[in-house]
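The structure appears below as structure tokens.
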Amino acid sequence: MDALTAEFGRTDGSYFDGDTPTNGDKHYRYASDGTSEEYTPATPFIPGKPGTVAKVRFERQDGSVVRSGNPAWAPGGYAHAYDHEATLGGGTLWRAVPIRFDGTEGTPSEYVGAVIPALSDGWAWLKPVTDPDKAMLLKVEPPDLSYDGRVDTTSITGAPRPAATWDVLEGFTTRLRSLVREKDVEEHLMALLDEGPVLAQFPACAGLPDFYFIRGKLDLEHVHWDGWPWRRYQWDVIQIDRPDTTDSPLRVPGLSYNTVERDWTTYDQLAATVDSYNNLLEP
């Protein structure tokens with residue numbers, strides 16, 4: 001129906017769309033509890049009661065926000081987020097903060113936690129921010145880092161030493177290197193590096209914090225090693241700040257509307273299997 005509405009006190013069964021005054025300058029519309037309510041046309045309509053939970057913000061114990069949970073919509077009172085940026089090799093705690101339709105926040109949930117496995121020496125996780133499904137675990141040589149000093153000097157006539165200004169160090173630049181032999185791994189890596197911002201996570205023994213980067217120049221070198229032809233991928237890395245998480249869509253590896261089309265031929269079959277799309281995200 002076209003937002004079926006009914007004026008209080010009318011019994012003739014007619015309806016209107018809420019844009020036409022039916023009693024002086026009063027307007028009415030269909031409410032979520034089955035009744036009619038008066039409203040002001042200039043006020044945007046939010047389809048839900050003010051006290052109903054509309055969204056949920058998922059937070060870590062350090063105050064950072066999960067990318068797909070800042071905030072996540074909560075249809076039917078259920079919200080989901082996928083955290084592919086949690087620190088490896090330690091425990092992470094999460095909590096949920098409900099946000100009502102009127103913008104107020106409810107009481108945060110208790111924290112729940114999980115231990116994320118650590119990496120072995122020589123391996124690294126590379127995780128595209130916009131597409132976690134392209135993340136890959138890859139053998140990567142430990143990189144050397146270079147920081148620009150951000151120092152400007154000016155020569156002074158008659159003075160043996162220049163005047164100088166300085167600032168904090170820039171984010172580091174480096175080159176990452178990986179030996180690859182399998183064709184599918186090469187294709188995966190190339191697709192990953194074309195996704196924009198990437199999160200890199202190394203094992204603790206590498207002495208590197210988690211960092212985000214964008215890929216610069218890429219070089220491929222043919223190498224014969226252990227009797228096999230390999231390719232050494234080498235690409236420039238430019239460190240960047242963590243990309244903004246606000247209103248990021250939910251992206252879960254291996255799950256999308258494409259999987260719905262793959263696993264269920266018709267929506268009748270889907271409806272007979274699950275009650276809502278929320279069930280598709282349940283373990």
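Some values worked out for this structure:
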{"item": "Length gained when the stretch Val252-Glu170 is fully extended (0.36 nm per residue, less Cα-Cα span)", "result": "26.2 nm"}
{"item": "Under the Karplus curve 6.51 cos²θ - 1.76 cosθ + 1.60, θ = phi - 60°, whole-Hz ³J(HN,Hα) for the stretch 56-65, x wherever Gly or Pro sits", "result": "9, 9, 9, 10, 8, 5, 8, x, 6, 10"}
{"item": "Nearest-10 value in Å² for the accessible area of Asp241, using the 1.4 Å probe", "result": "130"}
{"item": "FRET efficiency, 1/(1 + (r/R0)^6) with R0 45 Å, evaluated for Thr52 and Glu141 via beta carbons", "result": "0.30"}
{"item": "Where Asp244, Asp210 fall by accessible area, highest first, once all protein chains stay in place (1.4 Å)", "result": "Asp244, Asp210"}
{"item": "Accessible area, probe 1.4 Å, largest first, for residues Lys217, Lys139, Lys134, Lys127", "result": "Lys217, Lys139, Lys134, Lys127"}
{"item": "Area of Leu220 that stays accessible when all protein chains are in place (1.4 Å probe, Å², to 10)", "result": "80"}
{"item": "Hz values of 3J(HN,Hα) by residue in the stretch 194-203 - Karplus curve (6.51, -1.76, 1.60), Gly and Pro given as x", "result": "9, 8, x, x, 10, 8, 10, 10, 10, x"}
{"item": "Accessible surface of the stretch 47-198 [probe 1.4 Å, protein heavy atoms]: carbon and sulfur percent", "result": "54"}
{"item": "Solvent exposure ordering (accessible area, 1.4 Å, most first) of Thr92, Thr130, Thr153, Thr107", "result": "Thr107, Thr153, Thr130, Thr92"}
{"item": "His84 - accessible surface, heavy atoms, 1.4 Å probe, Å² rounded to 10", "result": "20"}
{"item": "Residue-span extension gain [Tyr78 to Ala206] - 0.36 nm each, minus C-alpha spacing", "result": "42.1 nm"}
{"item": "Environment charge at Arg232 (Cβ cut-off 12 Å; Lys +1, Arg +1, Asp -1, Glu -1)", "result": "+1"}
{"item": "Inter-label distance, nm, simple model (7 Å from Cα along the C-beta direction), Thr266/Phe101", "result": "3.4"}
{"item": "5 angstrom amide H check on Asp210, placed H, neighbours 5+ away", "result": "none"}
{"item": "For Asp83, distant residues with modelled amide H under 5 Å away", "result": "none"}
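The values are calculated or read from the model by the stated rules, or taken from the named source; none is laboratory data. The structure displayed is predicted, hence computed values, not measured ones. All Cβ positions, even for glycine, are placed from backbone atoms using ideal geometry, and neighbour counts span all protein chains on display. What goes into the accessible areas is simple: the full protein's heavy atoms, side chains included, and nothing from ligands, DNA or RNA. Shrake-Rupley method; radii C 1.70, N 1.55, O 1.52, S 1.80 Å.
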